[in-house]
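Colleague: So that we are looking at the same thing, I have put the structure below in structure tokens.
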Amino acid sequence: MQVETFHYDNRTVRNFGIATVVFGIVGMLVGLWIAFELAFPELNLGLKFTTFGRLRPLHTNAIIFAFVGNAIFAGVYYSLPRLLKTPMFSNLLSNLHFWGWQAIIAAAAITLPLGITTGKEYAELEWPIDIAITLVWVIFGINMFGTILKRRERHLYVAIWFYIATWAAIALLHIVNSMEMPVHLFKSYSMYAGVQDALVQWWYGHNAVAFFLTTPVLGLMYYFMPKAAGRPVFSYRLSILHFWTLVFLYIWAGPHHLLYTSLPSWAQSLGVVFSLMLIAPSWGGMINGLLTLRGAWDKVREDPILKFMVVAVTAYGMSTFEGPMLSLKSLNKVAHFTDWIVAHVHVGGLGWNGFLIFGMLYWMVPRLYKTKLFSVALANTHFWIGTLGIILYVIPMYWAGLTSGIMWTEFNELGMLKYPNFLEISTGLVPLYAMRGIGGLLYFTGAVLMVYNLAKTMASGTFLAREEASAPPMHADGHTGRTFWHRWIERRPIQMAIASLLLLGVGTGIELIPTFLVKSNVETIASVKPYTPLEVEGRDIYIREGCYNCHSQMVRPFRAETMRYKGEYSKAGEFVYDHPFQWGSKRTGPDLHRLGGKYPDSWHYNHMLDPTSMSDGSIMPPYPSLLTDDLDVSHLESKISALRSVGVPYPDGYEKKALADLNEQAAAITENLKKDNIQGAKPEKEIIALIAYLQRLGTDIRKSNQAVAAN
């Protein structure tokens, strides 16, 4: 039989692996910093670049796209050629992919602390970076599919199915969610508004977890766990069931992030139903992974790599059970907006993603450098420190979440809120935040030990840049007689990608299209008007500072919430001019949707200067720069035009009058401040615009009610 000789490119694998380690340390360090900021607010340092609101998106983007993203690419570039018995399609594309992705990460690291953000969770990067992501993703796709098409191994192994579905799904998610109207190079407005924007965002947000943090990592599990164990995958047919049901069901589950909100009830119900069904494929994957180790438990006790992978797969099972449970309305009512969700997310992030990546790196790096791991004992130490870190991280957050969720809704014997002061609840959680930080510090310490161990491993070996291999040309895969039906599509990667997209498109279309086309899904309220120019600028400041990271703007239809926030629950029609929506996902501070008119302008002025002066014990950082920085109105006309383009009904030509209206409203707010003995207030400062926006929140519905009462 003819045998062909070729080489695997290990340089790209090494580069992505080094980037994984570097950005993992950076992302974890930022996460550790902001975790302690909630316990010790002075760590905000009084700088506008280091507040929790600006650094939290930096942390999430660094972990999701820099740490996990680079690890995915390292694993794909290592496993894909070896599974297909061929080198990657193009070294040029591999290099463009690597450097393009690192450039995107660098751009995120620069822009997010500067407050350049779209204000949409996990999709904060502005439109030029979104375009760059699209281009790099296309490069990756060409390289991946080019490699698959010139393969020598006809059969596509299960890991490759997950790689294909990942590429197709992320392309769909990124393009749809990133539809935005540019204002200038660093600013855009979402094409969607209010309820529609919320639905698209959490369709994206939940499925970014599904198809960036789950499916490609499952592909890595299906390759590296059997390799590390020296055993085949437990069940081929279970992997088929796992793959196709996961691809079909996951895309529907996004609305479970929006239960008890202004989202139409039918969409909420769909999210709940499909979230519950997700338990089956998720646990099918977990069982397949764990049973792959059957008969190898003695090796697990000795091998730290397998220890990491066992805990990773177990954490995957735990988080994918908890997610569907949290989609039940009775449990969601208590858990949503609390630290319970933070715990849930970090079981997946620290346990599933982090530990599987650690195991992969410990297995892969010695093979790239033709040597043994420098210290197995140090890897075992990393495992136990990291495991303890996860436990000390999530238990305080579960405790904090359950505590606040119950206290928010607890009534006394007179039928009044037992804890009406939100600050009383949030300050009571500070010791738990400190404990969470200690858990994070342990996890980070373990990662630093890994860096040392891998660096010493690299130094002790010789890097194998081009690894020689040989295989016969593509041939029939050796099966005779009757073969399983699934082998037909396993030999047709393009058809598999198309089938994946079709399955993804079913849930996407059924959930999204009616919300855009059926007007009854979003009621209109006559008293709801577009924001004034000053309020537009103030809202942009609110988004820039990342206030949505700690505050929601969604009063749920609960008696406890309408009493606490002294107003009606939020209506869909109130958000029709919100580009983007600002419902938030975590309440470290109180909900703000009924904030307008609750306090005088001077309260907001002093609160931003020093939150503790208005709320004793507040853990919110001060924003003194808002009082000294001039409001930049140079793009006001472009903002009004862009908002009109996405559906906000500003009159034609209004952008020419907008500045005069802005100055008039700013002067009125400044006069109010001077009446309250704040003589240093100036109409051209950013604080004035922010006050205008905060005083507008939730007031339109009052006008509607007043009109009804008058009639």
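Colleague: Apply the Karplus parameterisation 6.51 cos²θ - 1.76 cosθ + 1.60, with θ equal to phi minus 60°, to every residue of the stretch 299-310 and state each ³J(HN,Hα) to the nearest whole Hz, in sequence, with x for glycine and proline.
Modeller: Couplings: 5, 4, 5, 9, 9, x, 4, 5, 4, 4, 6, 5 Hz.
Colleague: If you don't mind, there's one more thing I want to ask. Any chance you could run the full-extension gain for residue 682 through residue 645? It's 0.36 nm times the residue separation minus the Cα-Cα distance, nm to one decimal. Please report the intermediate quantities before stating the final value.
Modeller: Details: separation 37, 0.36 × 37 = 13.32 nm, distance 3.21 nm.
Separation in residues times 0.36 nm, less the Cα-Cα distance, equals 10.1 nm.
Colleague: Okay, helix-only estimate at 222 nm for the chain: each DSSP H run of n ≥ 4 adds -39500 (n - 2.57), divide by all residues, round to 500 deg cm²/dmol; what do you get?
Modeller: Mean residue ellipticity at 222 nm (helix-derived): -20000 deg cm²/dmol.
Colleague: Give the order of 303, 339 when sorted by the count of other beta carbons within 10 angstrom, beginning with the fewest.
Modeller: On the way: 303 21, 339 27.
So the residues, fewest neighbours to most, are 303, 339.
Colleague: Excluding same-chain residues fewer than 8 positions from residue 370, which aspartates and glutamates have a Cα within less than 20 Å of its Cα?
Modeller: Within the straight-line cut-off, residue 370 pairs with 9, 303, 467, 468.
Colleague: Here is a further query. Scan around residue 187 for amide H atoms under 5 Å from its own, H built in the peptide plane at 1.01 Å from N, and keep only partners 5 or more places away or cross-chain.
Modeller: HN-HN under 5 Å from residue 187: empty list.
Colleague: Can I ask one more? So how far, in whole Å, is the C-alpha centre of the stretch 596-631 from the one of the stretch 647-670?
Modeller: Value for the Cα centre distance between the two parts: 25 Å.
Colleague: On to the next question. Can you list the residues of the stretch 180-199 with backbone N under 17 Å from a point 7 Å past the Cα of residue 517, pointing along Cα to Cβ?
Modeller: Residues 196 qualify, since their backbone N sits under 17 Å from the label point.
Colleague: Further, regarding this structure: If you build the convex hull over the alpha carbons only and average its shadow over all orientations, what do you get for the stretch 533-710? Give it in nm² to one decimal.
Modeller: Numbers: hull surface 44.9 nm².
That works out to 11.2 nm².
Colleague: Using θ = phi - 60° and the Karplus form 6.51 cos²θ - 1.76 cosθ + 1.60, what ³J(HN,Hα) does each residue of the stretch 275-286 get, whole Hz, x for Gly and Pro?
Modeller: Using θ = phi - 60°, the values come out as 5, 5, 5, 5, 4, 4, x, 5, 6, x, x, 4 Hz.
Colleague: Compute the length gained on full extension between residue 45 and residue 562: take 0.36 nm times their separation in residues and subtract their Cα-Cα distance, giving the result in nm to one decimal.
Modeller: 182.6 nm
Colleague: Sort 153, 537 so that the residue with the fewest other Cβ atoms within 10 Å of its own Cβ comes first and the one with the most comes last.
Modeller: Neighbour counts put them in this order, fewest first: 153, 537.
Colleague: Using 0.36 nm times the number of residues separating residue 421 and residue 294, minus their current alpha carbon distance, what extension gain do you get? Please list the in-between numbers first.
Modeller: Values: separation 127, 0.36 × 127 = 45.72 nm, distance 5.39 nm.
Answer, rounded to one decimal: 40.3 nm.
Colleague: If you rank 29, 361 by fewest surrounding Cβ atoms within 10 Å, what's the result?
Modeller: In order of increasing Cβ crowding within 10 Å: 29, 361.
Colleague: Using a Förster distance of 30 Å, how high is the FRET efficiency between residue 376 and residue 106, based on the Cβ-Cβ distance and rounded to 0.05? It would help to have the intermediate numbers written out before the result.
Modeller: Numbers: r = 35 Å, r/R0 = 1.17.
Efficiency for this residue pair is about 0.30.
Colleague: Please work out which option in (i) 28.0; (ii) 26.8; (iii) 32.4 gives Kirkwood radius over Cα pairs in Å calculated from these coordinates, and answer with its label.
Modeller: Read-out taken from this structure: (ii).
Colleague: Is there a pair in 372/456; 307/456; 187/639; 586/685; 120/586; 333/598 whose C-alpha atoms are over 18 Å apart, and which pairs would that be? Before the final figure, lay out each step's value.
Modeller: Numbers: 372/456 10 Å; 307/456 21 Å; 187/639 9 Å; 586/685 29 Å; 120/586 13 Å; 333/598 26 Å.
The answer is 307/456; 586/685; 333/598.
Colleague: Quick check for me: using +1 on Lys/Arg Cβ and -1 on Asp/Glu Cβ, what's the dipole size of the chain about its Cα centre, in debye to the nearest 20?
Modeller: 2400
Colleague: Right, here's the next one. Can you work out the FRET efficiency for the pair residue 266 and residue 527, with r the C-beta to C-beta distance and R0 = 25 Å, to the nearest 0.05?
Modeller: 0.40
Colleague: For every other residue with a beta carbon closer than 11 angstrom to the beta carbon of residue 31, add +1 if it is Lys or Arg and -1 if Asp or Glu, then tell me the sum. Could the numbers behind the result be given before it?
Modeller: Numbers: positive: 56, 436; negative: 37.
Value of the local net charge: +1.
Colleague: Right, next: For the stretch 2-13, in order, what is each residue's ³J(HN,Hα) by Karplus, 6.51 cos²θ - 1.76 cosθ + 1.60 with θ = phi - 60°, in whole Hz (x at glycine and Pro)?
Modeller: Those phi angles translate into 5, 10, 9, 9, 8, 10, 8, 8, 8, 5, 5, 4 Hz.
Only the coordinates and a few stated rules stand behind these numbers; no lab work does. Note that this is a predicted model, so its numbers are computed, not measured. Every residue, glycine as well, gets a Cβ built from its backbone with ideal geometry; the counts of neighbours run over all protein chains shown.
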